[in-house]
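Okay, so here's the structure we're looking at.
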Amino acid sequence: MIGVSVIADSSAGTVPIEMSYFPCGERKLTIQKMRAPANILYDQLTIRIQYESDQDLIDLLLLKDAIERCSWLNYKTFVLLISYFPYGRQDRVANAGEPHSLRVIGSLINSCGFDKVFVVDPHSDVIEGVIDNFEALTMDQIVYSTEEGPFDMCNAFVSPDAGAYKKVLKAAQAKGVDLIRADKIRDTMTGDLSGFEVYAEDLTGLTVTILDDICDGGGTFIGLAKKLREKGAERILLYVTHGKFTKGVDILLEHIDEVWCYEYTGPKSDQGKVFTVELFRD
């Protein structure tokens, strides 16, 4: 899902876009002229993407070209706001014959010439190295800026694996709670998980919150929740920044007491089963 907004003199507006498909399946995109004074110079033009499929990337390229052809749409700064960055989990070549997918998408984004590319809780540090003019809203900033929710009703944060450890550590420090380190074993060829470990002896009676940037199918969190229960955890909460929930939410709620996210893009039928965090601090 993609949209465009403009800012001028502390006021904001939305650029109307008409999107449809040609009969053969190709995208048809048209920017409608805004009802605004002629030849106004906007302070900022922002393209916003809530990534749902690769169609959004095609729309981005078409939209960028259409914007350049609108002589009446003048702006000082060109910004991309893309909450979930696609292919962030494919930040290296794990097996022979695979592409470096993140670098491919990075090249596509860079070709648009944005003055700033803003990403919410990117999965990989590699993103910063492949995206020009990159800026992030990090997990610890989200945690620090949220008063109510899964971050204030627990005794400790849980890092689900080595990849999440640094960001969950920063989040725990921002909130002043303990950190529990965990790990998993995954086959890079099949994606199958074969084991989990929680590096804590006794969690009897504690409420813990698992933190991560993405929930796709949820297998990691289900396996980890079982281990946390074995260690005595009384309540288990889950926070993910990007809630994809491709296998639904119910399979998580069989093992986890509450599920929270920053951005929900999962099944519409399950949206009411997930809580969303709200930022309040500047």
Exercise. What residues have an amide H closer than 5 Å to that of ASP178, excluding those fewer than 5 places away on the same chain, when H is modeled at 1.01 Å from N in the peptide plane?
Worked result: PHE157
For this session: Would you mind checking which residues have amide H under 5 Å from PHE134's amide H? H placed 1.01 Å from N; only 5 or more apart, or other chain.
Result: VAL117
Problem set entry | Surface accessible to a 1.4 Å probe, per residue, for the residues of the chain, Å² | 51
For this session: Quick one: which residues, 5+ away or cross-chain, put their amide H under 5 Å from the amide H of ILE17? H built at 1.01 Å from N.
Result: GLN32
For this session: Step through the residues of region 153-163 one at a time and calculate ³J(HN,Hα) from phi using the Karplus curve (6.51 cos²θ - 1.76 cosθ + 1.60, θ = phi - 60°), rounding each to whole Hz and writing x for Gly and Pro.
Result: 10, 9, 8, 7, 9, 10, 8, x, 6, 4, x
Problem set entry | About the Cα centre, charge dipole magnitude for the chain (Lys/Arg +1, Asp/Glu -1 at Cβ), debye | 540
Problem set entry | Solvent-accessible ranking of HIS242, HIS255, HIS123, largest area first, probe 1.4 Å | HIS123, HIS255, HIS242
Seminar exercise, completed: Highest mean packing first, using Cβ neighbours within 10 angstrom, the peptides 155-163, 129-137 sort as 155-163, 129-137
Exercise. Where does each of 228-236, 258-266 land if you order them by average Cβ count within 10 Å, highest first?
Worked result: 258-266, 228-236
Problem set entry | Backbone HN-Hα couplings from phi across region 260-267 [Karplus 6.51/-1.76/1.60, Hz, Gly and Pro as x] | 10, 8, 8, 9, 9, 10, x, x
Problem set entry | Nearest-20 debye value, region 125-282 charge dipole, Cβ charges on Lys, Arg, Asp, Glu | 300
Exercise. In debye to the nearest 20, how big a dipole does region 66-175 give about its Cα centre with +1 on each Lys and Arg Cβ and -1 on each Asp and Glu Cβ?
Worked result: 200
Problem set entry | Backbone HN-Hα couplings from phi across region 200-215 [Karplus 6.51/-1.76/1.60, Hz, Gly and Pro as x] | 7, 7, 9, 10, 3, x, 8, 9, 10, 10, 7, 10, 7, 8, 9, 10
Seminar exercise, completed: Out of GLY223, PHE245, VAL277 - ranked by how far each Cα lies towards the positive end of the dipole of region 165-282, with unit charges on the beta-carbon of charged residues - the top one is VAL277
For this session: For the chain, evaluate the Debye formula with one uniform point scatterer on each Cα (no solvent term) and list log10 I(q)/I(0) at q = 0.12 Å⁻¹, rounded to two decimals.
Result: -0.84
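The values are calculated or read from the model by the stated rules, or taken from the named source; none is laboratory data. Everything numeric in this text was worked out from a predicted model, so none of it was measured. Glycine gets a Cβ as well: all are built from the backbone with ideal geometry, and neighbour counts include every protein chain shown. Ligands, DNA and RNA are stripped out before the accessible areas are found, and what is left, the full protein with its side chains, is counted by its heavy atoms. Shrake-Rupley method; radii C 1.70, N 1.55, O 1.52, S 1.80 Å.
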